[in-house]
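The block underneath contains the structure these notes are about, expressed in structure tokens.
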Ligand SMILES: *Cc1c(COP(=O)(O)O)cnc(C)c1O
């Protein structure tokens, strides 16, 4: 099955449910057992307790496992819950963890606060290190984290090289694959053990629910699933249903985000108010060759840097946009634009751009309307310089 067929068919069993196309939403805590024998034998029953999963949740697990080519999946109530589930599943007191410097900030914050509290040693590495990661591996390195492209600055990592070094060093590798959405990037086929998504973004796709997914290979799934279960990481059935519904159209949405994002990136590149565009799909981007090798497309999220200017110019630009909203998260149908501060959240590498960094999400609106909106904003920026 090709990806778009997986997205349309996996996790659906209509004739187990009166022929109805979509799976039912099971609201459940208690699950009853018909006899003492059944109660005592519950480990062999598929549905035992709401928190452990219902057919609604099994449907999303099945679809995500197929999409990312894994052995099994667990579903968490947010992307960050999936991050913390993986960070705690594959570490213990005394272990050492490698995390790319460009990782999503709340991932970093959890590592620096909670993991540190349990005596896990956290080390940040240059996301562009590639096979050089081997030099940072220690006998107690239990987990190598990846995120590609990185949050805010969009560095593309050499995923197979890093995954191989992790495996050789006896560590588990986990990638935050939210940007590639399991559609434009297949990390497990590149040697990574676990692929994580903030399904809040493109899987849900409509800015109306929060979910996290973790798809693991056969070697790591049992450990991950047991930890997930022990931690009580259950997602609500209505949100899981919205994840399933979003998944059905994710391919067409992502292809539209890809095309519009590239068009916008090239346009921003041509504007004199923009000093740098951080989009791996652009030929002169430092990550372009790796992106081309490992990815089959680009999502709608990327970064750019403005020519230095006062805060009033930035406000003039942002406060009067028609279609771009200002707010956190991304991956919905709508466009977003926010300022970012890469220098504030890195320790292993430097961020020296003098101008304001921005993060843009190109949504599903007409691209000409979006470009006109950005052009008017950049004109206001230029007039206020
Ligand atoms: C948004 C995001 C997360 C966290 O997802 P939530 O559902 O908001 O908790 C994790 N990783 C990346 C790369 C993200 O962009």
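The values are calculated or read from the model by the stated rules, or taken from the named source; none is laboratory data. All figures in this text were calculated on a predicted structure; none of them were measured in a lab. Neighbour counts run over all protein chains shown; Cβ positions are idealised from the backbone, glycine included.
Please name all residue pairs, on different chains or six or more residues apart, with Cβ atoms under 8 Å, provided the first residue is in the stretch 201-216 and is farther than 24 Å from residue 71 by Cα and without any contact (Cβ under 8 Å) to a residue 60 or more places away in the chain and the second residue is within 9 Å of the ligand (Cβ to nearest atom) and not in a strand (DSSP E or B).
Listed by first residue and then by second, the contacts come to 209/200.
Report, by residue number, each residue of the stretch 105-162 that is away from the ligand (no atom under 16 Å from the Cβ) and at positive phi.
119, 130
Could you list, in sequence order, the residues of the stretch 324-335 that are more than 12 Å from the ligand (Cβ to nearest atom) and in contact (Cβ under 8 Å) with a residue 24 or more places away in the chain?
324, 333, 334, 335 - these are the residues of the stretch 324-335 that are more than 12 Å from the ligand (Cβ to nearest atom) and in contact (Cβ under 8 Å) with a residue 24 or more places away in the chain.
For the stretch 29-85, which residues satisfy the criterion of being assigned to a loop (DSSP other than H, G, I, E, B) and within 16 Å of the ligand (Cβ to nearest atom)?
Of everything in the stretch 29-85, those that are assigned to a loop (DSSP other than H, G, I, E, B) and within 16 Å of the ligand (Cβ to nearest atom) turn out to be 77, 78.
If the requirement is being modelled with pLDDT of 95 or more, part of a helix (DSSP H, G or I) and either within 16 Å of the ligand (Cβ to nearest atom) or more than 20 Å from residue 23 (Cα to Cα) (or both), which of these qualifies: 210, 264?
On inspection, the qualifying residue turns out to be 264.
Checking the structure you have, find out if any residue of the stretch 223-241 is away from the ligand (no atom under 16 Å from the Cβ), crowded, with 24+ Cβ neighbours inside 10 Å and over 30 Å from residue 384 (Cα atoms).
yes
Could you please give the count of residues in the stretch 139-162 that are surrounded by fewer than 24 Cβ atoms within 10 Å (Cβ to Cβ), free of Cβ contacts under 8 Å to residues at least 40 places away in the same chain and in a helix (DSSP H, G or I)?
Counting residues in the stretch 139-162 that are surrounded by fewer than 24 Cβ atoms within 10 Å (Cβ to Cβ), free of Cβ contacts under 8 Å to residues at least 40 places away in the same chain and in a helix (DSSP H, G or I) gives 1.
Might you check whether a residue that is without any contact (Cβ under 8 Å) to a residue 40 or more places away in the chain, more than 14 Å from the ligand (Cβ to nearest atom), in a loop (DSSP other than H, G, I, E, B) and surrounded by 23 or more Cβ atoms within 10 Å (Cβ to Cβ) occurs anywhere in the stretch 175-192?
no
Scan the stretch 267-286 for residues that are in contact with a helix residue (DSSP H, G or I) (Cβ under 7 Å, 6 or more places away or on another chain), closer than 22 Å to residue 307 by Cβ and assigned to a loop (DSSP other than H, G, I, E, B) and jot them down.
Matches in the stretch 267-286: 271, 273, 279, 282.
Which one of these does residue 165 not meet: (1) more than 10 Å from the ligand (Cβ to nearest atom); (2) surrounded by fewer than 24 Cβ atoms within 10 Å (Cβ to Cβ); (3) assigned to a helix (DSSP H, G or I)?
Every listed condition holds for residue 165 apart from (2).
Could you say which residue among 97, 114 is under 30 Å from residue 298 (Cβ atoms) and not in a loop (DSSP other than H, G, I, E, B)?
The match here is 97.
Filter the stretch 363-378 for residues that are crowded, with 19+ Cβ neighbours inside 10 Å and part of a loop (DSSP other than H, G, I, E, B) and give the result.
Of everything in the stretch 363-378, just one residue is crowded, with 19+ Cβ neighbours inside 10 Å and part of a loop (DSSP other than H, G, I, E, B), namely 363.
Please specify each residue of the stretch 342-362 satisfying the condition of being out of contact with any strand residue (DSSP E or B) (no Cβ under 7 Å at 6 or more places or on another chain), in a loop (DSSP other than H, G, I, E, B) and either under 20 Å from residue 128 (Cβ atoms) or within 16 Å of the ligand (Cβ to nearest atom) (or both).
Across the stretch 342-362, the qualifying residues are 346, 349, 350, 351, 352, 362.
What number goes with the only condition from (1) more than 23 Å from residue 204 (Cβ to Cβ); (2) within 15 Å of the ligand (Cβ to nearest atom); (3) buried (at least 24 other Cβ atoms within 10 Å of the Cβ) that residue 98 does not pass?
Result: residue 98 passes all but (2).
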